[in-house]
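Reviewing the structure listed below.
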Amino acid sequence: MTGNDLTIRHLVPELKDDFLNYFQGAAFADNPKWQSCFCQFLYVDHRVVNWQSRTADENRAAACDRIACHRMQGLLAYRGDEVVGWCNAAPRTLLESFADEPVPNAEQIGQITCFVVARDHRRTGVARALLNAACAMLRDQGLLVAEANPVRDAHSDAENHFGPLSLYLSSGFAIVREQDDGFVVVRRSLV
């Protein structure tokens, strides 16, 4: 998918090095404390895994393993040959962190979880292009609903790592639930 000088590509094993280089470089240049995640936080069951004790090497290895066997999904945004954004989007059933939050028809839900846009490319349409591509990807997998959990009153780009609420609302998502922790559950039909 291309547009607005962006090319959006599905994460596949052949793009693993692009993903890793982005996460080890521009992705968290202004938020280095999250550099060790490699977008693995939602892929683990936090009732079993002590996230605070996980190292960058462990998360990097887990990402490599998941990418190799197609158990990690998402999209990379490129401007030219440079990765400028990432969106983690996958069937809810792949994201083990949601195991303690059962919902009806979980197998029909695509979860859009993280946006990581390089600082110099924010507010240039990267997140919107990634969101549109994520919804198309999830629909193509036969999922019926896209769900996300943005923060209602995010005060920084880092707090908006699940995507800005305004982005979702302007893209056809509706609020289905407000949580006490400041997160909002939004959904959009994919049919």
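The packing ranking, built from the mean of other Cβ atoms within 10 Å per residue, places the peptides 79-91, 23-35 in the order 79-91, 23-35, highest first. Of the DSSP H helices in the chain, those that are both long (alpha-carbon extent of 15 Å or more along the helix axis) and hydrophobic (Kyte-Doolittle mean at least 0.0) are 126-140.
Taking a Cβ cut-off of under 14 Å around Arg128, the surrounding Lys, Arg, Asp and Glu residues balance to a net charge of +2, with basic ones at +1 and acidic ones at -1. Charged neighbours of Pro164, selected by a Cβ distance under 13 Å, balance to +1 (K, R count +1; D, E count -1).
Each of Met137, His10, Met72 was scored by the projection of its Cα onto the charge dipole of the chain, and the greatest displacement toward the positive side belongs to Met137; charges sit on the C-beta of Lys, Arg, Asp and Glu. How high is the FRET efficiency between Glu96 and Arg139 when r is their beta carbon distance and R₀ equals 30 Å, given to the nearest 0.05? It comes out at approximately 0.85. Computed about its Cα centre, the charge dipole of the chain is approximately 320 debye, with only Lys, Arg, Asp and Glu carrying charge at their Cβ.
Secondary structure note: in the chain, about 90% of the DSSP beta bridges are antiparallel. At 7 Å along the Cα-to-beta-carbon direction for both Asp45 and Asp57, put a label point, then send me their distance in nm to one decimal. My value for the distance between the label points is 2.7 nm.
No lab work stands behind these numbers, since they all come straight from the coordinates. Everything quoted here is computed from the prediction, not taken from an experiment. Reconstructed Cβ throughout: ideal geometry from the backbone, glycine too, with neighbour counts over all protein chains shown.
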